[in-house]
Amino acid sequence: MSEFIEVYWARTHNLKNIDVKIPKNKMTVITWVSGSGKSSLAFNTIYNVWQQKYLESLSSYARMFIGGMKEEAEVDEIKWLSPTISIDQKTTSKNPRSTVGTITEIYDYYKLMFLNIGTRHCIKCDSIVKKDNIRDVINFLWTQTIKTKFMILAPLNVEQYFDDSEEEAFKKIKKEVLELWFIRFNIWSKILTINDEFQDDFNIDDNSNNINIIIDRLLIEDYNDDSSNQVKRLKDSLLLSFKIGNGQLKIELLEWKKSLIQSFSNIFICSDCGHIPEELSISSFSFNSHSWACKECHGLWVKKIFLEEKIINPNLTLLEWAVIAPWFGWDYFFALLQEIAKHTKINLNTNYALLSKKEKDIILHWTKTKQYKVNFTNEYWEKKVYNSRFEWVINTLERRYFDGWTDKGHYDQFVVDMDCPQCNWHRLHPESLSMRLPYKKKEINIWELANLSVTDAIDFFETITLSEVEKKLVKKVYKNAVERLKFLAWVWLNYITISRKAWTLSGWEAQRIRLATQIGTQLEWIIYVLDEPSIGLHPRDNNMLIENLKKLRDIWNTLIIVEHDEDIMREADHIIDVWPQAGRNGWNIIFEWNINAIKTDKKSVTWPYLNWERQVIVETGSRPSFKDLKKNWKILTINGATQNNLKNINVDIPLSNLVVVTWVSGSGKSSLVNGILAPYLSNNLNRANRQLGQFESITWLEHLDKTVVIDQSPIWKTPRSNPATYTWVFTPIRDVFVATEESKIRWYKPWQFSFNTKSWRCDSCDGDWVKKVEMHFLPPVYIKCEDCSGTRYNRETLQIKYKWRTISDVLDMTVNEAAEFFTNHPRVIKTLNTIIEVGLWYIKLWQSSTTLSGWEAQRIKLSTELSKRSTWKTFYILDEPTTGLHFQDVDRLLTILHSLVDKWNSVLVIEHNMDVIINADHIIDIWPEWWDKWWELLIFWSTDDIQKCKRSFTWEAITNYLNK
């Protein structure tokens, strides 16, 4: 077996027939400038080939059901390939039922724990529900004082006599006692015999649960000798009592000031209130089970509700359309409303805000079924009388929304998610939550355990006290649950809860969860392909990540890591560097080094940064200090932020500066910026309608007029979208072709040069330039359209030329080539130059947006904003913009961000990259250490001030960075 993975003639995407050898059982880092093809080699070639080989090992019948690969790797051969696992930053499941616990399977072990050793409680009286045996009763008596008198009672079911008079019921009770060969019975503590007569104070109807046959009267003895007559008599009496009481008995201790009654049951029933709980199975703890999920929210823990303030404009009258939510056909609605007003005395000409609470309730919720006669002229001018029932506003909206009456998108802006009032966001049926385990002097149910952080969950397992039998029952369950929790803690996810919804995870959190899962499997001789695992990590946490990567490597695994982090590159066994540039100019030459060799190669752009000969330092002009800004009120203040784990904090953000929010992972940076600030600014400045986070107020917005949120989400999800359409440069390009002489003669319009226009695109491929041929159990084959030769347009459109180039020729140009081609067209060149400024000069104008990486999509958005006219009052928000960026690209990004600030705009960045932190004007840092105390203290520094605070981990990282 070779010591290398050998790749021959890889040409996926922009790879240019390259050969490369990757050492096995080593940690290899692939690095170079963004867009050079790193992911094309690691994921689209090596990982795709393994997927293809795996699918080929299955039968053709199985492959038809599994589905083929979306894209086949273009490579001649890969030798010595082992099973390959991809750990990338792909988006996690959007299913609202998916949680961290279901992804990691930790919740499955929780279910087994509670099913096997949980303590069942009655959902009505909260008493412990369990099956007792004779030994449990004897053990209870053994705890009492010797020679204490007690009675053994068998409960009598007398509900069958309730239809009779009390005197008749009493006679039937005596008859039943006699038929069972007993003489004594009691009602409450009053002992009676079959010879006693009925009395009015018996109140049999009120004492149905307290009428018992007296089976035996005994003294508590020493029950150590099972062969003694006392023990034998006791056991016989208990057995008989269980039999007569249908599985239930009572022990009444007599020598107390007030008699003490203890209930026992050898069937599953509450001994105190008689409630019979349902039998539980492992599916009873699943919120995905229709039978065991909460009946109100169906296991989603939130319920969609129409709020009055969302659907009503209080400043209008009902005749002025105060109901702003889509409701009835308006003409008929007004006619019906006027008829209703006659009967309910509601003044339709009064502002809604001035109506009484009763009148508002009638409009929103009234549920009477009375029909009203409505005189209405229909669309055919026919006057008719209709008998109608008024369904009212919220009733109608809920019916249409939940019954699928129409597109829910029309109603989304009027709906909010509220915690389910029935299950209190526990998601499960009350019977499922009745199982509890002890933790910190209290008992918790399965969802309360799932809602603990990883740190607290580990503490729960380490402190729980189990009997020897319970230890044997859950030995494997305990071991697997604790191991998986510790793996999450090892990858620094100790703050996360098992109940957290999967769709709320960031890309790097989801990636680290998969990394923890792989560490837990302890598989050997596997190839792991990782996509920037350091993203989202504070520099303090890098050592933890590197140690975990080494653990994977040390058990004979091969790690191929696409990465730009300096610390990981220094710890790598092997580095693959690419030269000379990105895009079509990348992957001409591959250099393979270790960390020491790369420092000596002058051709590499990476070596000056690793050798500390070059640093990312952007020269800027003087910026106003925080004190000056605060003095002039040029700050943005967030008051009382309580979103997620934010603890009622106040934050001042200086304007006209580059501000970085940083601290350890999970500290609440995204909660503050993306959960509170971004939605509020979008709603108030951009007229958006986003759901707001939890805070008291945000002040001093008068210094801003627009906000721009730039993340790494796809620019559009359709493959027809591209940089030309997203940046709107396609519009002036089409205007250029419309202005040609031939277009004027043919009366062509701009829309006739769009490949989305049916009449002017290629009819054969519908403007896709390729045809997809399904091969069923093989990957689909894409062939260039024969009719248009991949140009997307029909023959008539391609006859129009500008400078001897068709519209298809222009769209096939790179941004750089297009900028040279349209030199004399200011509208076109303005947008193209901004794309070049952000470093995307190499992409083609019509490159599908679905093929763009996250950072490329982010820079497309940034270039679009840069091409717009600056207002000098824009607030930019960026979340981890350095993801996927090489040192050289970070330098270019910082230059752009500072140019925005130089125009008196404000830039707020969530970032851990030290180059960005060093170049920031201000830093927002959080302290102290542990996740449940984060955001109790907020520290605000300039870059110079933070170096004076030695309790900050950011201070430590900056000090290490500057002392290199």
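The values are calculated or read from the model by the stated rules, or taken from the named source; none is laboratory data. Quick caveat: nothing in here was measured; it's all calculated off a predicted structure. Cβ atoms come from the backbone with ideal geometry, glycine included; neighbour counts cover every protein chain shown. For accessibility, only protein heavy atoms count, side chains too; no ligands or nucleic acids. Shrake-Rupley method; radii C 1.70, N 1.55, O 1.52, S 1.80 Å.
Some notes on this structure:
- 5 angstrom amide H check on H275, placed H, neighbours 5+ away: C270
- A Förster radius of 45 Å combined with the Cβ-Cβ distance from D573 to E74 puts the calculated FRET efficiency at roughly 0.95.
- Computed over segment 125-204, the P(r) tail beyond 17 angstrom holds 59 percent of alpha carbon pairs.
- In a DSSP loop and with at most 16 other Cβ atoms within 10 Å, the trypsin sites (Lys or Arg not before Pro) in segment 751-812 are K758, K801, K803.
- Overall shape of the chain was characterised from the C-alpha gyration tensor. The equivalent ellipsoid obtained from it has semi-axes of 65, 41, 30 Å, in decreasing order.
- Dipole magnitude of segment 1-65 about its Cα centre (Cβ charges: Lys, Arg +1; Asp, Glu -1), debye to nearest 20: 100
- Estimated translational D of segment 686-798 in µm²/s (Stokes, Kirkwood radius over Cα pairs; 10 °C; 1.306 mPa s): 87
- When D735, D272 are compared by accessible area at a 1.4 angstrom probe, the order from most to least is D272, D735.
- Measuring nothing but how far apart in sequence close Cα pairs (under 8 Å, 6+ apart) lie, relative to its length, segment 229-332 scores a relative contact order of 10 percent.
- Expected 222 nm ellipticity per residue - DSSP helices of 4 or more, -39500 (n - 2.57), all of the chain, to 500: -8500 deg cm²/dmol
- Positive-end extreme of charge dipole, segment 1-143 - chosen from V49, V75, F65 (charges on Cβ): F65
- Cross-link reach is defined here as a Cα-Cα straight distance under 24 Å, omitting same-chain residues fewer than 8 places apart; for K342 the lysines meeting it are K357, K358, K360, K368, K370, K373, K383, K384.
- Per-residue 3J(HN,Hα) values for segment 825-840, derived from phi via the Karplus relation 6.51 cos²θ - 1.76 cosθ + 1.60 with θ = phi - 60°, read 10, x, 5, 6, 5, 5, 5, 4, 5, 5, 5, 5, 4, 8, x, 9 Hz in sequence order (x marks Gly and Pro).
- About the centre of its Cα atoms, the chain shows a dipole size close to 1600 debye [charges on the beta carbon of Lys, Arg (+1) and Asp, Glu (-1) only; nearest 20 debye].
- Under 5 Å between amide hydrogens, built in the peptide plane, is the criterion, and for H886 it picks out S34 among residues at least 5 positions away or on other chains.
- Unsatisfied cross-links (Cα-Cα over 20 Å) in the set K175/K243; K784/K844; K501/K669; K124/K235; K634/K706; K830/K903: K124/K235
- The Rg/Rh ratio for segment 428-570, using Cα coordinates for both the radius of gyration and the Kirkwood hydrodynamic radius, is 1.04.
- Relative contact order, percent, segment 687-840 [alpha-carbon distance under 8 Å, six or more residues apart]: 17
- Beta bridges per DSSP with both ends in the chain, % antiparallel, nearest 5: 70
- Relative contact order (%) - the chain, alpha-carbon pairs under 8 angstrom, separation at least six: 14
- Each label point was placed 7 Å from the Cα along the Cα-to-Cβ direction; for T642 and L81 their separation is 5.5 nm.
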